[in-house]
2 protein chains.
Amino acid sequence: MSKVAIIGVGSTTYGDHTATPLRNLAAMAISQAIRDAGISDQRIAAAYAGSGLAGVLGGQEGMVGQLALRELGITGIPIMRIENACASSACAVREASLAIRAGEVDVALAFGVEKMKGYPTDQVLRALAGDGDVPLEGDAGLIFPAVFAMMARVHMQRFSTPREALAAVAEKAHANAMLNPTAQMRETITRERALQGRIVADPLTVYDCCPVSDGAAAVVLANENVANALPGRKVWLDSCVLVSGSYENSDLVSFEATRRAATKAYETAGVGPKDIDFAEVHDCFTIAEIIHSEDLGFFEKGDGGFAVLRGETTRGGTKPINVSGGLKAKGHPIGATGAGQIVEVALQLRGQAGARQLEGVKIGLTHCMGGFFGADCGSLVVSILSK
Amino acid sequence: MSKVAIIGVGSTTYGDHTATPLRNLAAMAISQAIRDAGISDQRIAAAYAGSGLAGVLGGQEGMVGQLALRELGITGIPIMRIENACASSACAVREASLAIRAGEVDVALAFGVEKMKGYPTDQVLRALAGDGDVPLEGDAGLIFPAVFAMMARVHMQRFSTPREALAAVAEKAHANAMLNPTAQMRETITRERALQGRIVADPLTVYDCCPVSDGAAAVVLANENVANALPGRKVWLDSCVLVSGSYENSDLVSFEATRRAATKAYETAGVGPKDIDFAEVHDCFTIAEIIHSEDLGFFEKGDGGFAVLRGETTRGGTKPINVSGGLKAKGHPIGATGAGQIVEVALQLRGQAGARQLEGVKIGLTHCMGGFFGADCGSLVVSILSK
């Protein structure tokens with residue numbers, strides 16, 4: 001596989017951007033990423049825009065990428081929107097890397113953007129339910145918090161996972177977000193407080209759920225020749241694997257898609273779970289981080305909750321997870337999340353993560369999941385990046 | 001550029017499928033394409049689903065591809081949705097070809113699906129306006145019929161294009177659709193009747209506008225090795241070029257994006273406009289076919305309308321255009337249109353187009369446009385296929 005590099009990254013803060021039009025929010029992240037790459041706007045030869053809800057929430061279904069790039073005077077190039085629920089911009093990064101590997105372009109942009117704040121709650125819930133199987137699941141009340149609450153219950157029962165482990169994930173996420181200027185939830189949440197939160201779907205409280213967010217993130221990718229000609233700052237995208245769920249798995253304590261994507265990503269990158277220094281994992285709910293951390297091979301099945309309680313996933317632990325704050329506390333602007341995870345890992349590998357910089361990290365992993373139905377996720381992307 | 005083949009095609013009829021769920025409609029076209037390819041379902045290694053309006057009209061924004069493929073028992077593979085307004089599945093074909101050229105997969109599926117019937121008219125119009133610049137254009141009333149009416153007026157004034165030329169495009173489209181069992185508008189419309197239609201946006205009458213359609217179309221692509229190992233029926237995708245508008249063009253009588261995409265497509269395929277035996281051109285409105293046929297290099301700028309009146313674009317003419325009936329009479333299920341054009345050209349090149357078969361055709365072109373704002377289109381795909 002020909003090598004693909006991440007040569008520039010950019011991100012807005014995640015949070016409330018109701019006053020900023022979608023196109024401008026995206027343009028902020030894109031211009032930052034291009035500036036970071038140290039290249040001219042004119043070098044961007046193709047662009048992939050990840051967005052999940054721009055149409056159902058904002059009425060602007062089409063032209064999301066074209067409108068954002070026009071703000072920066074970037075026109076004429078191939079631009080399309082990639083939609084894959086919460087994995088939309090993770091898939092945009094994949095398509096950008098394939099365009100480079102195919103030799104179609106030497107430099108490509110992938111970005112994600114979402115605006116979810118300022119809409120009535122029922123409209124946001126309906127939009128999110130549109131990422132499941134609407135007639136069979138969403139319309140029957142099986143929306144995401146309900147699904148993950150069931151998974152939490154089964155995990156707790158089967159492996160004696162303490163309820164406190166979920167709260168510990170929340171506590172860690174918030175502690176990490178305190179160090180991240182782009183994070184949405186910069187507030188200390190103790191384990192005790194998390195346990196006493198308002199119930200959303202028993203046993204999940206409001207502190208077990210990621211917030212509703214606005215935000216944008218962007219990544220500039222290049223082939224090896226272009227990357228090597230630039231002074232410093234690049235990281236390598238050693239693998240970027242997308243799979244769909246197989247829907248054969250219905251034990252509710254694991255994501256078969258995560259295991260399958262991770263296996264292929266490790267194989268492609270020539271590493272194993274032990275080699276991963278840190279990871280950004282799709283923690284849309286606290287229980288999700290625990291389950292995925294097992295399926296990624298970081299911990300034995302059933303040990304994920306205990307690993308959190310042992311402190312292994314904290315900044316100072318053996319396997320730091322979501323040092324950015326994760327979806328849970330950094331925020332989860334659907335379409336932007338996957339690209340945002342790549343931004344975080346790239347900054348960490350470059351040693352430019354500021355107050356939240358991890359020491360000596362060389363290999364990082366991102367894990368992004370989209371949609372859910374039939375007892376598995378709809379789409380799952382695992383990427384491995386290295387210095 | 002490594003060679004990519006179209007090894008299987010399938011299409012539903014276009015028209016009214018209100019009784020069929022979106023996923024089943026898509027599955028019908030997909031299963032037909034896989035059967036046509038003569039391969040096992042398990043050979044499909046990646047899938048790209050083109051859909052523009054599934055979320056804003058049907059509430060099912062995400063998982064369009066996963067849900068359709070699960071109907072056929074195809075799970076686990078990389079699946080994502082490609083959205084680029086009316087060029088969504090033309091772009092899905094492009095991404096499938098890039099995945100093959102990158103060596104990521106050897107066989108890939110690209111399909112498109114849309115359900116637009118059975119919704120209140122204002123909802124459909126609002127959904128379609130979501131493919132323009134909503135705050136600057138749609139909200140100000142500059143929706144697609146208005147834009148193309150302006151282009152028709154300017155073209156008629158500048159080049160003395162007779163109003164009758166537009167009616168002749170409609171007459172031809174309907175005559176061609178009469179020979180196509182998948183076409184939606186199988187009714188003879190004479191030039192005289194077209195001229196006397198109800199005005200939609202002066203000078204365009206209802207007979208100058210494509211209908212609202214449901215439909216799905218699918219294409220199986222493969223690399224050269226796989227294609228050559230299959231018995232017959234393949235055609236080659238010699239180029240598949242996507243560009244965006246440059247928005248520098250504001251003369252309203254040409255699409256700079258069409259000219260640019262066509263130039264690159266001809267160059268890549270090593271042919272010129274004279275070598276193209278027939279073409280499927282994005283005739284969302286009659287005037288669109290005339291203008292694009294000039295920008296594709298088939299006729300001199302300003303001669304497009306006269307060429308139609310001379311009969312050059314009919315089945316028996318020098319440059320048959322939209323022998324399928326085109327968007328105008330075959331129908332225009334937004335997300336399916338681009339893949340559907342590829343289906344038509346592949347069938348013609350294979351000599352399997354039934355009553356509408358053209359004789360001796362060797363090279364065909366598809367032209368698909370998505371969105372419109374800032375005096376040019378948002379996305380434009382030109383593909384060239386050969387035997």
Filter result for A:L347 (surrounded by fewer than 24 Cβ atoms within 10 Å (Cβ to Cβ) and in a helix (DSSP H, G or I)): yes
Given (1) in a loop (DSSP other than H, G, I, E, B); (2) more than 8 Å from chain A (Cβ to nearest Cβ); (3) buried (at least 24 other Cβ atoms within 10 Å of the Cβ), number of the condition B:G52 does not satisfy: (2)
Per-region count, the stretch A:316-334, residues part of a helix (DSSP H, G or I) and either over 22 Å from A:V206 (Cβ atoms) or of a type in the set (A, V, I, L, M, F, W, C) (or both): 3
Pairs, first assigned to a helix (DSSP H, G or I) in the stretch B:17-44, second among the aliphatic types (A, V, I, L, M) and surrounded by fewer than 18 Cβ atoms within 10 Å (Cβ to Cβ), C-beta under 8 Å, six or more apart: B:A27/B:L72; B:I30/B:L72; B:S31/B:L72; B:I34/B:L72; B:A37/B:L230; B:D41/B:L72
Residue in the stretch A:237-248 that is modelled with the highest pLDDT, counting only those that are over 18 Å from the mean Cα position of the chain (by Cα) and of a type outside the set (S, T, N, Q): A:Y247
Selected residue (criterion: surrounded by the most Cβ atoms within 10 Å (Cβ to Cβ)) from residues of the stretch A:158-192 that are in contact with a Phe, Trp or Tyr (Cβ under 7 Å, 6 or more places away or on another chain) and either outside any helix (DSSP H, G or I) or among the charged types (D, E, K, R) (or both): A:Q184
Test: B:A68 is at the interface with another protein chain (Cβ under 8 Å from one of its Cβ atoms), in contact with a helix residue (DSSP H, G or I) (Cβ under 6 Å, 6 or more places away or on another chain) and assigned to a helix (DSSP H, G or I): no
Only one of A:L57, A:L136, A:L128 that is within 11 Å of chain B (Cβ to nearest Cβ), out of contact with any helix residue (DSSP H, G or I) (no Cβ under 9 Å at 6 or more places or on another chain) and closer than 20 Å to B:V64 by Cβ: A:L136
Qualifying residues in the stretch B:71-82 (those that are more than 8 Å from every other protein chain (Cβ to nearest Cβ) and not aliphatic (A, V, I, L, M)) - the one surrounded by the fewest Cβ atoms within 10 Å (Cβ to Cβ): B:G73
The listed residue being among the hydroxyl-bearing types (S, T, Y), in a helix (DSSP H, G or I), out of contact with any His (no Cβ under 6 Å at 6 or more places or on another chain) and in contact (Cβ under 8 Å) with a residue 60 or more places away in the chain, out of B:T313, B:T337: B:T337
Residues satisfying the stated conditions in the stretch A:108-156, i.e. closer than 18 Å to A:V200 by Cα and either of a type in the set (V, I, T) or in a strand (DSSP E or B) (or both): A:T121, A:V124, A:I143, A:V147, A:V154
Test result for A:A85, more than 20 Å from the chain's Cα centre (by Cα), facing another protein chain (nearest Cβ under 9 Å), over 19 Å from B:G132 (Cβ atoms) and surrounded by 24 or more Cβ atoms within 10 Å (Cβ to Cβ): no
Tally of residues being more than 19 Å from B:L53 (Cα to Cα), hydroxyl-bearing (S, T, Y) and modelled with pLDDT of 95 or more across the stretch A:76-124: 3
Scope the stretch B:88-99; condition more than 8 Å from chain A (Cβ to nearest Cβ) and more than 21 Å from the chain's Cα centre (by Cα); matching residues: none
Test result for A:V124, under 16 Å from A:S213 (Cβ atoms) and of a type in the set (V, I, T): yes
Unmet criterion (only one of (1) within 9 Å of chain B (Cβ to nearest Cβ); (2) closer than 20 Å to B:L242 by Cα; (3) assigned to a loop (DSSP other than H, G, I, E, B)) for A:V105: (1)
Test: B:I290 is touching a Lys or Arg at 6+ places or on another chain (Cβ under 9 Å), farther than 30 Å from B:G58 by Cα and β-branched (V, I, T): no
Odd one out for B:T121 among (1) in contact with a Cys (Cβ under 7 Å, 6 or more places away or on another chain); (2) more than 19 Å from B:N223 (Cβ to Cβ): (1)
Check on A:E359, out of contact with any Pro (no Cβ under 7 Å at 6 or more places or on another chain) and more than 30 Å from A:R163 (Cβ to Cβ): yes
Enumeration of residues in the stretch A:350-384 that are buried (at least 24 other Cβ atoms within 10 Å of the Cβ) and either closer than 20 Å to A:A108 by Cα or free of Cβ contacts under 8 Å to residues at least 12 places away in the same chain (or both): A:T366, A:V381, A:V382, A:S383, A:I384
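Residues checked against (1) modelled with pLDDT of 95 or more; (2) hydroxyl-bearing (S, T, Y); (3) over 8 Å from the mean Cα position of the chain (by Cα); (4) on the phi < 0 side of the Ramachandran plot:
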{"residue": "B:T318", "(1), (2), (3), (4)": "yes, yes, yes, yes"}
{"residue": "B:I321", "(1), (2), (3), (4)": "yes, no, yes, yes"}
{"residue": "B:G331", "(1), (2), (3), (4)": "yes, no, yes, no"}
{"residue": "B:I334", "(1), (2), (3), (4)": "yes, no, yes, yes"}
{"residue": "B:A339", "(1), (2), (3), (4)": "yes, no, no, yes"}
{"residue": "B:L349", "(1), (2), (3), (4)": "yes, no, yes, yes"}
{"residue": "B:E359", "(1), (2), (3), (4)": "yes, no, yes, yes"}
{"residue": "B:T366", "(1), (2), (3), (4)": "yes, yes, no, yes"}
{"residue": "B:M369", "(1), (2), (3), (4)": "yes, no, no, yes"}
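The values are calculated or read from the model by the stated rules, or taken from the named source; none is laboratory data. Source: prediction; values computed, not measured. Don't worry about glycine lacking a Cβ; one is built from the backbone with ideal geometry, like all the others, and counts go over all protein chains shown.
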